[in-house]
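Participant: Let me give you the structure first, and then I'll get to my questions.
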Amino acid sequence: MNPPAQLSRLGYRPIDADGHYYEPHDAFTRHIEGRFKDRAVNVRVKPEDGLGRLYYGDQKAGMMKVTQTDYTGAPGTRGGVFLGIHNDEDPGGWRQTEVINARDYPAMMNRTARIALLNEQGVEATLLFPSVGVAVEHEIHDDVEALYANLRAFNRWLEDDWGYGADGRIYAAPMISLVDVDQAIAETERVLRAGAKVLHLKRGPLYGHSTAEPSRDRFWSLVQGANIPVAFHTGDAGYHELWGAQWGEAPRPPLQYTSPFNVYLADTAAEDTFANLILNNLFVRFPKLRVLSVENGAGWLKPLMKRLDKVAFMTRGQAGLGGMVEGRPSETFLRNFWICPFFEEDPIELAELIGYDRVLFGSDWPHPEGLEAPLDFADKLIGVASESDTRKVMRANVAGLIGLAA
């Protein structure tokens, strides 16, 4: 296979801030503690179609009709939709073609094969996030002990199959929940000892609590002290059940059958989460925290920063959970956040808003809505941005976050 054309023009191998794996059926059950076996996240295969369904104990999980591992689109096959290459008059709408089983593609599920593919793709290293795993926390948040048992089991599987970057190539992000701060700290300390270089948190509220309220400060103190970035990746933020149901929408619709309004609600989860962190002064208390927004896009960013400054001005003298807002919220965002835009968005426009040192290249490989060839992301930068700014986006920014050479 010939190297990607962009590689010679760049003169270095980029680092992908948004890669994925597809989980095997035992990702949660392989290391589940004995007393939680009956409440483990598990996959059950229907003999009639051979496809797995995700369960929590004996309860069917809502977000996915079938596991993406068994039935998903080929890499990049939905990309044209987001680029506008579709027929608006098509009554069929957005239809998935080229359906695959991830087991037929070793690089989607096997570390050795993935490294070989990275070499072919011209990619130096990649952050890796869950596919099925992002659907789990909300499903079981009200069974706190089982939630943490399942996350511990998942993270141990992650260490088995992918690793946390000791090889300098694959940096999987362990999943941490802040529902219970003591257990969050215990698992964070464990994955840090195991070498984790980035943490994954769910977007959205903590069921009557805020991720940024002072009662969670012990966790954030640990994160800041460890100098480890935290990523908020798209997934089930609970918005369908928490907000959609209040509008008469289905509370736990499968991903493939979510209504337009429920999709609209879920798309606000990232900006709501980041606004909550900032307006509750998390970054005043912990100014060195580094937050990554991955696979949330960037179209919401400019209006969000304007709104943050406006509400902070309008409510001056009024305290939130973290006290009265200190500083200018938009400036806090520019200091503490890194954004991984969707590939169909304009990284130049984003960089003009937040600076080239805060933009990250992400391919979303192997998801169908991402890029089939990760380095195609660079086409919007090469010859438009300077070489140094292009390098920041394609490599240096994420390298600095995980401790690799820029």
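The values are calculated or read from the model by the stated rules, or taken from the named source; none is laboratory data. Model, not experiment: these values are computed from the prediction. Note: ideal-geometry Cβ built from the backbone for every residue, glycine included; neighbour counts use all protein chains shown.
Participant: Taking only the stretch 36-60 into account, find how many residues are part of a loop (DSSP other than H, G, I, E, B) and either over 17 Å from residue 154 (Cα atoms) or of a type in the set (Asp, Glu) (or both).
Facilitator: Number satisfying all stated conditions: 7.
Participant: Can you find a residue that is under 19 Å from residue 296 (Cβ atoms), at pLDDT 95 or above and in contact with a strand residue (DSSP E or B) (Cβ under 8 Å, 6 or more places away or on another chain) anywhere in the stretch 187-194?
Facilitator: In the first step, residues of the stretch 187-194 are kept if they are under 19 Å from residue 296 (Cβ atoms); the result is none.
The answer is no, given that none of the residues of the stretch 187-194 is under 19 Å from residue 296 (Cβ atoms), at pLDDT 95 or above and in contact with a strand residue (DSSP E or B) (Cβ under 8 Å, 6 or more places away or on another chain).
Participant: Given (1) among the polar types (S, T, N, Q); (2) in contact (Cβ under 8 Å) with a residue 40 or more places away in the chain; (3) crowded, with 21+ Cβ neighbours inside 10 Å, identify the lone condition not met by residue 42.
Facilitator: All conditions pass for residue 42, except number (2).
Participant: Further question on the same structure: Considering only the stretch 199-222, I want to know if a residue exists there that is within 24 Å of residue 404 (Cα to Cα), part of a helix (DSSP H, G or I) and not aromatic (Phe, Trp, Tyr).
Facilitator: yes
Participant: Check 113, 149 and return the single one that is over 22 Å from residue 232 (Cα atoms) and small (Gly, Ala, Ser).
Facilitator: Testing whether each residue is over 22 Å from residue 232 (Cα atoms) and small (Gly, Ala, Ser) leaves just 113.
Participant: Return the residues of the stretch 1-10 that are assigned to a loop (DSSP other than H, G, I, E, B) and in contact (Cβ under 8 Å) with a residue 60 or more places away in the chain; say none if nothing qualifies.
Facilitator: Within the stretch 1-10, 1, 3, 4 qualify.
Participant: Any idea which of (1) outside any loop (DSSP other than H, G, I, E, B); (2) within 21 Å of residue 118 (Cβ to Cβ); (3) within 20 Å of the chain's Cα centre (by Cα); (4) of a type in the set (A, V, I, L, M) is the one residue 378 doesn't satisfy?
Facilitator: It fails just one condition, (3).
Participant: Please find, within the stretch 55-102, the residue that is modelled with the lowest pLDDT out of those that are under 30 Å from residue 147 (Cβ atoms) and small (Gly, Ala, Ser).
Facilitator: The residue in question is 62.
Participant: Now, a different point. Considering only residues that are in a helix (DSSP H, G or I) and either out of contact with any helix residue (DSSP H, G or I) (no Cβ under 6 Å at 6 or more places or on another chain) or among the acidic types (Asp, Glu) (or both), look in the stretch 112-132 and name the one that is nearest to residue 42 (Cα to Cα). Can you show your working first?
Facilitator: Of all residues in the stretch 112-132, those in a helix (DSSP H, G or I) come to 112-121.
Next, only the ones that are either out of contact with any helix residue (DSSP H, G or I) (no Cβ under 6 Å at 6 or more places or on another chain) or among the acidic types (Asp, Glu) (or both) stay: 112, 115-116, 118-120.
Numbers: 112: 25, 115: 28, 116: 30, 118: 30, 119: 33, 120: 34 Å.
Ranking the qualifying residues of the stretch 112-132, first place goes to 112.
Participant: Here is a further query. Residues in the stretch 1-32 that are over 30 Å from residue 43 (Cβ atoms) and of a type outside the set (S, T, N, Q): how many?
Facilitator: Looking only at the stretch 1-32, we keep the residues that are over 30 Å from residue 43 (Cβ atoms), and these are 1-15.
Those left that are additionally of a type outside the set (S, T, N, Q): 1, 3-5, 7, 9-15.
Qualifying residue count, the stretch 1-32: 12.
Participant: Here's another thing I want to ask about it. For the stretch 12-35, give me each residue that is more than 15 Å from the chain's Cα centre (by Cα), outside any loop (DSSP other than H, G, I, E, B) and not β-branched (Val, Ile, Thr).
Facilitator: 34, 35
Participant: Quick one: which helices (runs of 4 or more DSSP H) lie wholly within the stretch 230-328 and hold at least 2 residues that are more than 26 Å from residue 66 (Cα to Cα), in contact (Cβ under 8 Å) with a residue 12 or more places away in the chain and basic (Lys, Arg)?
Facilitator: In the stretch 230-328, 301-314 are the helices (runs of 4 or more DSSP H) which contain 2 or more residues that are more than 26 Å from residue 66 (Cα to Cα), in contact (Cβ under 8 Å) with a residue 12 or more places away in the chain and basic (Lys, Arg).
Participant: Condition (residue is surrounded by 23 or more Cβ atoms within 10 Å (Cβ to Cβ) and at pLDDT below 95) applied to the stretch 121-134: is it met by at least one residue?
Facilitator: Yes, the stretch 121-134 has at least one match.
Participant: Residues that are over 21 Å from residue 230 (Cα atoms) and modelled with pLDDT under 95: does the stretch 329-344 have at least one?
Facilitator: yes
Participant: On to the next question. State whether one or more residues within the stretch 146-157 are surrounded by fewer than 17 Cβ atoms within 10 Å (Cβ to Cβ), assigned to a helix (DSSP H, G or I) and modelled with pLDDT of 95 or more.
Facilitator: Scanning the stretch 146-157, I find no residue that is surrounded by fewer than 17 Cβ atoms within 10 Å (Cβ to Cβ), assigned to a helix (DSSP H, G or I) and modelled with pLDDT of 95 or more, so the answer is no.
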